[in-house]
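What follows is a set of notes on a single structure, which appears directly below.
The values are calculated or read from the model by the stated rules, or taken from the named source; none is laboratory data. Just so it is clear, the model here is predicted, and its values are computed rather than measured. Reconstructed Cβ throughout: ideal geometry from the backbone, glycine too, with neighbour counts over all protein chains shown.
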Amino acid sequence: MAIRIDADGDSIQRTTNLPTITGFTIMAWVRIRAAVAGAAIFSFGDGTGSNDFYDIELGGAGNLVPVNWNGNAGSSNGTALVVDTPVHLALTCAGTGAGQLLTYQNGTLDITFDGFADVDAVHMELGDRIDGGNDSNLALSDIKIYDAVLTAAEIRNEMRTKVPRRFANLNGWYPCYAGATERLKDYSGAGNNWTANGTLGDEPLPVGVSWNGMEALVAAQAAGAAAAAASGPLVNGGLINNSLAYGHSLVNG
């Protein structure tokens with residue numbers, strides 16, 4: 001499922017236990033439902049009323065080009081998105097210098113921009129900009145936040161599974177299950193739940209994301225077991241030993 005954000009004032013936000021502003025990763029599957037000028041997707045930085053924040057937002061009227069904003073220092077454009085086509089977006093920042101603010105589309109680097117010394121970790125908001133007035137019409141799912149800068153390879157790993165592949169420095173994990181409480185719940189164990197603004201909804205997000213990446217292995221083991229069963233018992237080198245070797249069972253993946 002995904003969180004549906006589609007009206008003035010709709011968004012999700014956090015203001016406590018935020019990652020450091022000079023070493024974070026925000027990622028999610030996103031489906032743009034309509035091209036809204038300046039629609040904010042991710043926003044992180046100073047509190048309401050300040051221009052000192054980082055974000056990914058859409059360009060001008062009818063423009064589906066994502067833009068990195070880094071406070072008063074300006075913005076940089078990326079590759080256009082497509083309405084109703086799910087895309088995995090990730091925003092990372094490694095510091096305040098040149099080339100430290102990166103945006104990824106589907107695990108591929110799309111925008112390289114600069115960090116900004118005046119941005120502080122005070123407020124994180126998805127679906128609107130921190131300073132308000134940049135409402136969106138989109139759906140968000142499988143949100144993960146890290147208190148670390150993930151590499152492109154790590155981002156590609158995370159975009160393929162709902163369960164985090166990397167648990168080190170995990171600041172928040174949001175599968176976005178349906179329901180007023182579940183869609184905001186942090187499943188990382190840290191208790192960093194979102195706060196809802198406006199009236200949110202739920203909708204399916206048609207993305208082929210694995211639960212934990214083990215399904216292919218289980219299928220391969222099952223296929224191997226079937227082949228082995230045709231020629232002899234499932235003993236050494238068969239299903240039982242392989243299952244134990246990989247440290248999981250075929251029942252729960």
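Below, the figures for the structure above:
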read-out	value
Count - residues of region 77-92 that are surrounded by 22 or more Cβ atoms within 10 Å (Cβ to Cβ), of a type in the set (A, V, I, L, M, F, W, C) and over 14 Å from A139 (Cβ atoms)	2
Only one of G74, G127, G95 that is surrounded by 15 or more Cβ atoms within 10 Å (Cβ to Cβ) and over 18 Å from the mean Cα position of the chain (by Cα)	G95
First in region 7-32 and more than 19 Å from V119 (Cβ to Cβ) and assigned by TED's automatic domain parsing to the domain that holds A90, second anywhere and among the hydroxyl-bearing types (S, T, Y) and not in a loop (DSSP other than H, G, I, E, B), Cβ under 6 Å, 6 or more apart	W29/S141
Residue within region 134-149 that is among the polar types (S, T, N, Q), crowded, with 24+ Cβ neighbours inside 10 Å and either under 24 Å from L205 (Cα atoms) or assigned by TED's automatic domain parsing to the domain that holds N193 (or both) present	yes
Boolean, D186 is of a type in the set (D, E, K, R), in a loop (DSSP other than H, G, I, E, B) and either assigned by TED's automatic domain parsing to the domain that holds T85 or closer than 15 Å to M124 by Cα (or both)	yes
Enumeration of residues in region 173-200 that are among the hydrophobic types (A, V, I, L, M, F, W, C) and under 18 Å from V30 (Cα atoms)	W173, C176, A178, L184, W194, A196, L200
Of all residues in region 197-220 being among the small types (G, A, S) and modelled with pLDDT of 85 or more, the one that is surrounded by the fewest Cβ atoms within 10 Å (Cβ to Cβ)	S210
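Quick grid of which residues meet (1) in a loop (DSSP other than H, G, I, E, B); (2) at pLDDT 95 or above; (3) of a type in the set (S, T, N, Q):
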| site | (1), (2), (3) |
| --- | --- |
| T25 | no, yes, yes |
| D55 | no, no, no |
| V67 | no, no, no |
| A90 | no, yes, no |
| G99 | yes, no, no |
